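Following: one structure in structure tokens, then a few remarks.
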Amino acid sequence: MSYNGSGTFVINSTGQPVVTNTTISSTAFNALTADLATGLSTALTKDGQTTATANIPMGTKKLTGLGVGSANTDSITLGQSQAGGALFLTAAGTADVITATGAPTITAYATGNSYYFTATGANTTNVTLNVDSLGAKAVTKNGSTALVAGDIPSGAEAHVVYDGTRFQLINPVGAGFSMPQNSQSANYTTVLGDAGKHIFHPSTDANNRTFTIDSNANVAYTIGTIMRFENQSVNTLTLAITADTLTLEPGGQTISIVIGTNDSVDVLKVGTTNWVARRTAARSLAVNSQSANYTTVLSDMGKFLLHPTADNNPRTFTIDSNANVAYPVGTELVFQNQINTLTVAITTDTLTLLPDATTGSISVPATSQLRVMKVAATSWVATYIGTAGTKNTGTSGATVPLLNAANTWSSGATQTFTLDNATNAGWKAVPAAAAGSSAFIGAASVGSAGPQSMVWWIKKTTGIAAATAIDSGQVQTGCACLCWVFGKDQAANNRFADLVWAGGTTATLVSGINTQGAPTARTYSVGAGSLKLAMAAGTYDTWMHQIIITDGS
């Protein structure tokens with residue numbers, strides 16, 4: 001019989017017990033030895049000659065004196081578990097294309113696998129991880145969001161978990177701090193528990209959504225509360241507020257904020273009913289390239305609409321009416337023309353070009369950009385995005401850059417541009433009536449010719465020294481000049497944007513905006529028929545965006 005199924009070894013009872021001075025039956029003896037052989041063969045041997053054929057219950061007892069496991073099928077010791085040795089990978093490759101090896105070797109990826117590794121360098125872009133040559137998998141954060149530079153610092157202990165498709169980084173560092181997550185795949189209104197959270201529209205929800213900050217009357221967040229709103233979807237996320245005030249900085253617009261794909265906005269409560277918002281990084285706009293006449297659709301919110309180089313034909317891109325496509329107030333579109341002519345038009349509603357306040361279709365020259373923003377239900381405003389431009393010389397189709405003869409702006413010197421063909425050969429007036437006169441704007445070119453005006457662009461490409469005056473153009477008696485002046489401090493990255501009105505012998509700063517940092521003071525004046533800008537200490541790139549000149553008639 002050997003073992004009885006409960007662990008007790010039972011001797012075959014035939015011919016048992018043996019009696020003194022009697023013959024032992026061979027049958028009884030053979031049955032006994034067969035039972036002994038079966039019992040010994042069933043036992044586990046200490047030298048490893050036999051293996052278990054079923055699970056072995058330990059009855060709350062310990063396995064002691066275990067060796068350190070080294071293969072996938074080995075048991076691990078408590079010490080190994082505490083040290084995490086089985087979860088630690090040895091990383092190699094590059095900071096962005098990581099290869100790693102496990103000990104023991106990992107034989108397959110499985111959902112829920114959790115690993116650690118020491119980064120060999122700081123990542124600079126998206127990251128992949130290939131463990132034991134099983135295949136490179138993307139490393140993401142917050143679901144499927146791609147990593148950005150610095151999410152894995154050099155020397156950091158990175159913790160990743162395999163979700164069945166990719167490795168998710170549990171401890172990204174790029175944002176500088178970790179915020180609790182709140183993923184929402186429907187329109188959503190914040191609650192008190194959202195204070196300090198990262199609220200995001202996930203990539204799995206391909207719909208336009210609105211997230212609303214509830215009013216102080218409903219949810220009394222404390223002053224100083226911070227929330228981050230991020231859009232990971234290919235569609236748009238609109239950030240709105242109930243009753244209270246949400247102000248986007250810089251600029252001070254108190255409107256709903258459209259958050260494009262991979263864009264995020266931080267909001268801070270600064271008063272009982274007041275919040276301020278700021279985009280967390282330079283925006284990455286999705287591109288919509290069109291090589292035919294095109295009318296915008298709702299999914300174009302926050303997009304970059306491109307007329308590409310490959311289409312050398314004049315095109316018209318039309319913003320559809322609010323009646324057809326109800327973009328939320330605050331929607332931004334950027335139009336870029338790479339070749340020929342692009343006309344930006346609008347259906348029914350109003351499109352106003354700033355700063356001259358003209359309405360209607362807008363021509364976007366080759367290599368230029370136009371940004372438009374919806375400011376009311378049926379109203380949009382547009383501004384050109386600064387670029388070096390050209391001026392017509394009076395010869396059909398011919399243009400020249402409006403810079404000096406070397407197409408540069410000399411550092412530390414006053415630059416003067418006079419629009420007369422006596423001192424600047426070939427720079428003739430745009431209106432035919434003034435083409436042969438001695439000056440484009442001034443006594444010689446006005447009068448019987450009637451009111452005249454023109455628009456052009458100037459760009460300054462090199463730094464200017466401290467307190468150096470720069471000239472933007474001709475401002476003669478009876479003329480007026482309205483211009484945007486932009487500047488950037490090369491050393492400190494301070495930026496400004498000024499709207500200046502110059503007429504006669506005076507210059508007035510209509511609006512001065514410090515768009516980033518603390519730019520040095522600017523002083524504008526008119527002298528010798530030119531608008532001048534005097535700067536305090538600092539090495540600046542300064543350029544004019546749009547200049548509108550009229551003779552004032």
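Quick note: the coordinates plus some simple rules give every number you see, no bench work behind them. Just so it is clear, the model here is predicted, and its values are computed rather than measured. In this analysis, Cβ positions are derived from the backbone assuming ideal geometry, glycine residues included, and neighbour counts consider all displayed protein chains.
Brief remarks on what is shown
- With a Förster radius of 41 Å applied to the C-beta separation of Thr316 and Asn187, the computed FRET efficiency comes to 0.75.
- Whole-number percent relative contact order across region 287-385, with pairs defined as alpha carbons under 8 Å at least 6 apart: 26
- Maximal additional length on extending the Thr23-Ala326 stretch stands at 98.1 nm, based on 0.36 nm per residue less the C-alpha distance.
- Dividing the mean sequence gap of close Cα pairs (under 8 Å, 6+ apart) by how many residues region 85-179 holds gives a relative contact order of 27 percent.
- From most to least packed by mean Cβ count within 10 Å, the peptides 335-341, 37-43, 155-161 give 335-341, 155-161, 37-43.
- Less than 5 angstrom separates the built amide H of Ile339 from those of Thr367, all sequence-distant by 5 or more or on a different chain.
- Computed from backbone phi with θ = phi - 60° and the Karplus coefficients 6.51, -1.76 and 1.60, the 3J(HN,Hα) list for region 115-129 is 9, 10, 8, 8, 5, 7, x, 7, 5, 10, 7, 4, 10, 10, 10 Hz; x is used for glycine and proline.
- Note: relative contact order over region 2-42, using C-alpha pairs below 8 Å and six or more positions apart, is 44 percent.
- Anisotropy class of region 147-276 from Cα gyration tensor, a/c 1.5 cut: prolate
- Least to most buried among Leu306, Leu239 (fewest other Cβ within 10 Å first): Leu306, Leu239
- Vicinal HN-Hα couplings computed from phi for region 6-23 (Karplus, 6.51 cos²θ - 1.76 cosθ + 1.60; Hz; Gly/Pro x): 10, x, 8, 8, 10, 6, 4, 8, 5, x, 10, x, 6, 9, 4, 6, 10, 6
- The three principal axes of the Cα atoms in region 88-209 give end-to-end lengths of 48, 27, 22 Å, sorted in falling order.
- Burial ordering of Val329, Val139, Val287, fewest other beta-carbon atoms within 10 Å first: Val287, Val329, Val139
- At the listed q of 0.12, 0.15 Å⁻¹, the Debye profile of region 9-82, built from one uniform point per Cα, gives log10 I(q)/I(0) equal to -0.59, -0.73.
- Label-point gap, in nm, between Ile11 and Val161 - each point 7 angstrom along Cα→Cβ: 6.0
- Here Thr245 and Arg371 are evaluated by their C-beta separation; at R0 = 25 Å the FRET efficiency comes out at 0.55.
- A simple charge model with +1 on the Cβ of Lys and Arg, -1 on the Cβ of Asp and Glu and nothing else charged puts the dipole of region 181-279 at about 80 debye relative to its Cα centre.
- Leu509-Ala357 FRET efficiency (beta carbon distance; Förster radius 30 Å; 0.05 resolution): 0.95
- The listed peptides 20-29, 508-517, ordered by packing as a protection proxy, come out as 508-517, 20-29 (highest mean of other Cβ atoms within 10 Å first).
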